[in-house]
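These notes concern the structure reproduced below.
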There are 2 protein chains.
Amino acid sequence: MESKIFQEFLSRRGLKLTKERMSVLRQIFSIHGHFDPEHLYLSIRDSDMKASRASVYRTLNLLVESGLVERITRSDKGNVYEHTYGHRHHDHMICTACGEVIEFFSEHLEDLQKMICEQHQFAGTTHTLEIRGNCKACQKRKK
Amino acid sequence: MESKIFQEFLSRRGLKLTKERMSVLRQIFSIHGHFDPEHLYLSIRDSDMKASRASVYRTLNLLVESGLVERITRSDKGNVYEHTYGHRHHDHMICTACGEVIEFFSEHLEDLQKMICEQHQFAGTTHTLEIRGNCKACQKRKK
DNA sequence: TCTGAATTGCAACTCAATCTCAATATCAGT
DNA sequence: ACTGATATTGAGATTGAGTTGCAATTCAGA
């Protein structure tokens, strides 16, 4: 299913769905959760598929443009991505004590952001909301 | 005022408020709005003050730790900072075409986030909301 | 003024990400 | 299947932000 969407995206730009691009796509969609380019590359290298580091990066950028993959954050050690097909958009709460990541979604929040963009005549395409603090467990533990 | 806070922060760690650190601090607080390390360095170099690139980076990290400066975003061209002393909390819209950063604030948005935290029994302390897209000018330019 | 810790600047370095380019693959049209 | 035009690949070079090692320097307190 993802490959069909990617296929379409590529041909709309006169690009081809090659073996290497297929490798990257399949590997990404076989991963559950977040990943970074280097690990993605290594996991492809260690499988029966193949693609150079350059191709992994190039394909990753195409996938982001196609909307199938999203860049979640830019850490000081590089970018982190996740695939979004079949996933609803969501935001994150991050516990600064234990590192737990809680996903959440609020339609109301999304609407509000849309309104704010309109007010500023800004054409928003994506957003990242990251709330940092302490999760339930860590609040208790601190007492 | 900022220098007093920084001074205190430094001595609490057994560090000194040197000329170079003073240069960086003063230059940052003379800038209105956002800045990146390279421009900060250049503006210091072109003024009567002085500090090497290394010192600028080192001081910048100290200032972030002290809470006087915040890192707003990590773009593909490096980090962007702003000084926070005397500033109310706000969020950012970032134009992916020209890099412009627009500040905004919404009480409603803040309330909503508080509610969401309560729902998840999460004790939120800070948050970062970054909306990426195209500013008014770049929307026009693209047509 | 002496002493030791902190600081500086330069250049070397790191590391993610991008680019170069020659070789290779792919597709459309014949 | 052949041909030409275009897209793609991988290996390694390159970029560029940010960090670090180190010898020389500054600074604060005794």
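The values are calculated or read from the model by the stated rules, or taken from the named source; none is laboratory data. Please read these numbers as outputs of a predicted model, since none were measured by experiment. Cβ placement follows ideal geometry from the backbone for every residue including glycine, while neighbour counts extend to all protein chains displayed. Remember, those area values only see protein heavy atoms, side chains included, never the ligands or the DNA or RNA. Shrake-Rupley method; radii C 1.70, N 1.55, O 1.52, S 1.80 Å.
So A:Asp46 ticks every box in (1) within 14 Å of DNA strand C (Cβ to nearest atom); (2) farther than 19 Å from A:Thr126 by Cα but one. Which box is left unticked?
So the condition that A:Asp46 fails would be (1).
Within the stretch B:78-91, track down each residue that is surrounded by fewer than 19 Cβ atoms within 10 Å (Cβ to Cβ) and within 11 Å of chain A (Cβ to nearest Cβ).
Across the stretch B:78-91, the qualifying residues are B:Gly78, B:Asn79.
Would you mind stating whether B:Arg132 is open to solvent by 30 Å² or more (accessible area, probe 1.4 Å) and either among the acidic types (Asp, Glu) or facing chain A (nearest Cβ under 8 Å) (or both)?
Here the answer is yes, as B:Arg132 does meet what is asked.
Go over the candidates A:Glu110, A:Glu118, A:Glu103, A:Glu70 one by one and state the one that is in a strand (DSSP E or B), open to solvent by 20 Å² or more (accessible area, probe 1.4 Å), acidic (Asp, Glu) and not assigned by TED's automatic domain parsing to the domain that holds A:Phe9.
Unique residue meeting the criteria: A:Glu103.
Have a look at A:Cys95, A:Cys135 and point out the one that is out of contact with any Asp or Glu (no Cβ under 6 Å at 6 or more places or on another chain) and either small (Gly, Ala, Ser) or over 29 Å from A:Met1 (Cα atoms) (or both).
Just one listed residue meets the conditions, A:Cys95.
With surrounded by 16 or more Cβ atoms within 10 Å (Cβ to Cβ), within 15 Å of DNA strand C (Cβ to nearest atom), at pLDDT 90 or above and within 14 Å of another protein chain (Cβ to nearest Cβ) as the only criterion, which of A:Leu60, A:Leu40 stands out?
Going through A:Leu60, A:Leu40 in turn, just one is surrounded by 16 or more Cβ atoms within 10 Å (Cβ to Cβ), within 15 Å of DNA strand C (Cβ to nearest atom), at pLDDT 90 or above and within 14 Å of another protein chain (Cβ to nearest Cβ): A:Leu60.
Among A:Ser23, A:Ser47, A:Ser11, which is within 9 Å of DNA strand D (Cβ to nearest atom) and either over 28 Å from B:Ile131 (Cβ atoms) or not in a helix (DSSP H, G or I) (or both)?
Of the residues listed, the single one that is within 9 Å of DNA strand D (Cβ to nearest atom) and either over 28 Å from B:Ile131 (Cβ atoms) or not in a helix (DSSP H, G or I) (or both) is A:Ser23.
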